[in-house]
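Below is one structure, written out as structure tokens; comments come after it.
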Amino acid sequence: MQEFWNERYAQPAYAYGEQPNEWFKKQIDGMKPGKILLPGDGEGRNGVYAATLGWEVNAFDLSSTGKDKAIQLANKHTVEIDYKVGELTEFNYNKDSFDAIALIFTHFAPGLRTNYHQILSTYLKPGGVIIIEGFRKEQFERLKPGEKGGGPKNIDMLYSEAELLSDFKDFEILELKEEDVDLDEGHFHKGNNAVIRFLGRKKG
């Protein structure tokens, strides 16, 4: 997967654009800046946007090329982000240390999702929020040859409402909705896509 993402991010243009994801932007715009973690932040469009609002940004991704593009984007906006390269399990973030965690089209390999969501939950402060937008399982039908849908071509990596409710059962559900949305995010997120949007607050 590292090779796949390095290749995708190797072009000068930003694969998913330079602007933040709309769902992420809507949530973060209404929050008091604090400390945020962005797993799978790719070329940094969301992390950099959060930094421009005054957030202390921690991000990571498998792709070193993605990191290079993210730092380039941060420099363009004269902000700083702490960006690491590797897997979630390679980092030891402090428990209860983040005010927000955002998973924006971050799809984990089959068998890892629940465990990774549980690990991330421990990094969130009580009262902190998790922001998710991802492709839901109905998107799989749009990945057939000739279709323009985005997302992993493995249905087990796509989200369902039941899975999110199970993974975050100790959270207060602020929003959870399945939608078909028109994406216009760079070259790879185009047209009408089946997504799920989740906003949850950690109890405690």
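Take the residues in region 162-193 that are part of a loop (DSSP other than H, G, I, E, B) and farther than 30 Å from Lys125 by Cα, then tell me which one is most open to solvent (accessible area, probe 1.4 Å). In this case the residue turns out to be His187.
The numbered conditions (1) out of contact with any Lys or Arg (no Cβ under 6 Å at 6 or more places or on another chain); (2) not in a strand (DSSP E or B) are all true for Glu43 except (1). Among residues of region 3-38 being closer than 17 Å to Ala102 by Cα and part of a helix (DSSP H, G or I), the one that is most open to solvent (accessible area, probe 1.4 Å) is Glu22. The set of residues in region 68-115 that are over 22 Å from Trp55 (Cβ atoms) and among the charged types (D, E, K, R) comprises Glu87, Glu90, Arg113. Output the number of the condition that Phe198 fails; it satisfies all remaining conditions of (1) at pLDDT 95 or above; (2) farther than 23 Å from Leu37 by Cβ; (3) outside any helix (DSSP H, G or I); (4) not polar (S, T, N, Q). Of the numbered conditions (1) at pLDDT 95 or above; (2) farther than 23 Å from Leu37 by Cβ; (3) outside any helix (DSSP H, G or I); (4) not polar (S, T, N, Q), the odd one out for Phe198 is (2). Pairs are defined by a Cβ separation below 6 Å, a sequence spacing of at least 6 or placement on different chains, a first member in region 49-65 that is without any contact (Cβ under 8 Å) to a residue 40 or more places away in the chain, and a second member that is in a loop (DSSP other than H, G, I, E, B) and of a type in the set (Gly, Ala, Ser); no pair meets this definition.
The values are calculated or read from the model by the stated rules, or taken from the named source; none is laboratory data. Just so it is clear, the model here is predicted, and its values are computed rather than measured. Note that each Cβ is placed from the backbone with ideal geometry, even for glycine, and that neighbours are counted across all protein chains shown. These accessible areas exclude ligands, DNA and RNA; they are computed on the full protein's heavy atoms, side chains included. Shrake-Rupley method; radii C 1.70, N 1.55, O 1.52, S 1.80 Å.
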